[in-house]
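Student: Can you keep this structure in mind? I'll have questions shortly.
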Amino acid sequence: MKITKKETAYQGYYRLQVFTVQDKGNEFEREVFQTGQAAAALVYDTKKKKFILARQFRPAVEQEMVEAVAGMLDSADEKPEAAITREIEEEIGYAVDKLERLYEFYPSPGAFSEKIYLFYAEVSKKTGEGGGKDDENEDISTLELTAEELVKQPLSDGKTILAVEWAKANLLPKLKEKKSAK
């Protein structure tokens, strides 16, 4: 397959492009939604021994969602680590103590170009109110959950499900060991 042409059909908050593709002598068009790159993190407060998730209304699905803290990279030059550190401060009001990159993935590559960098973050010090940025029309509240509550929390956001499954396999057994050693 070869992309022979890219046209912008719409440019707003996001961009919709039409790609002309050639394959085996056939030519066809595909719409591609260009959203940019994002960073997300499953956040754990090491003092409170709780996971902190963000809760906010998402117009695309017309409902409030419980999600890992996340946000867009501000530019092509911005590092995902810098973006998620900023988002953790803006959305939940914490400074990052430790950051571990877990995955890089394309959540829906059939039509979306978005790439997400997923992290695990540890925090212990509140530095601000959180809640998001007014100039970005964000109204974010937090949900603090113990490990037991986290695994029972109903989730429908893909990046958050992936982060929680990672935690179940890699982090929660270690937290249980620490708890039972005391």
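The values are calculated or read from the model by the stated rules, or taken from the named source; none is laboratory data. Being a predicted model, the structure only gives us computed values, none of them experimental. As a convention, Cβ positions derive from the backbone with ideal geometry for all residues, glycine included, and neighbour counts pool all protein chains shown.
Student: Does the stretch 66-73 contain at least one residue that is in the same structural domain as residue 173 (by TED's automatic domain parsing), without any contact (Cβ under 8 Å) to a residue 24 or more places away in the chain, under 30 Å from residue 173 (Cα atoms) and not in a strand (DSSP E or B)? Give the steps one after another, and end with the answer.
Tutor: Narrowing the stretch 66-73 to residues in the same structural domain as residue 173 (by TED's automatic domain parsing): 66-73.
Those still in the list that are without any contact (Cβ under 8 Å) to a residue 24 or more places away in the chain too: none.
Among the residues of the stretch 66-73, not one is in the same structural domain as residue 173 (by TED's automatic domain parsing), without any contact (Cβ under 8 Å) to a residue 24 or more places away in the chain, under 30 Å from residue 173 (Cα atoms) and not in a strand (DSSP E or B), which makes the answer no.
Student: Kindly state which strands (runs of 3 or more DSSP E) lie completely within the stretch 85-170 and contain at least 3 residues that are within 30 Å of residue 17 (Cβ to Cβ) and outside the structural domain of residue 17 (by TED's automatic domain parsing).
Tutor: Working: elements: 94-105, 115-126, 141-145.
Answer list for the stretch 85-170: 94-105, 115-126.
Student: Can you name every residue in the stretch 70-94 that is out of contact with any strand residue (DSSP E or B) (no Cβ under 9 Å at 6 or more places or on another chain) and of a type outside the set (D, E, K, R)?
Tutor: Passing the criteria: only 75.
Student: Ok, one more. Within the stretch 74-106, how many residues turn out to be without any contact (Cβ under 8 Å) to a residue 60 or more places away in the chain and within 14 Å of residue 121 (Cβ to Cβ)?
Tutor: 22
Student: If you don't mind, another one. Name the one entry in 109, 59 that is within 20 Å of residue 154 (Cα to Cα), at pLDDT below 95, of a type outside the set (Phe, Trp, Tyr) and loosely packed, with under 14 Cβ neighbours inside 10 Å. Explain how you work it out, then say what you get.
Tutor: On the way: 109 fails: within 20 Å of residue 154 (Cα to Cα).
Step by step, each of 109, 59 is checked, and only 59 is within 20 Å of residue 154 (Cα to Cα), at pLDDT below 95, of a type outside the set (Phe, Trp, Tyr) and loosely packed, with under 14 Cβ neighbours inside 10 Å.
Student: Would you be able to say whether some residue in the stretch 32-53 is loosely packed, with under 14 Cβ neighbours inside 10 Å, out of contact with any Asp or Glu (no Cβ under 9 Å at 6 or more places or on another chain) and assigned to a loop (DSSP other than H, G, I, E, B)?
Tutor: Yes, the stretch 32-53 has at least one match.
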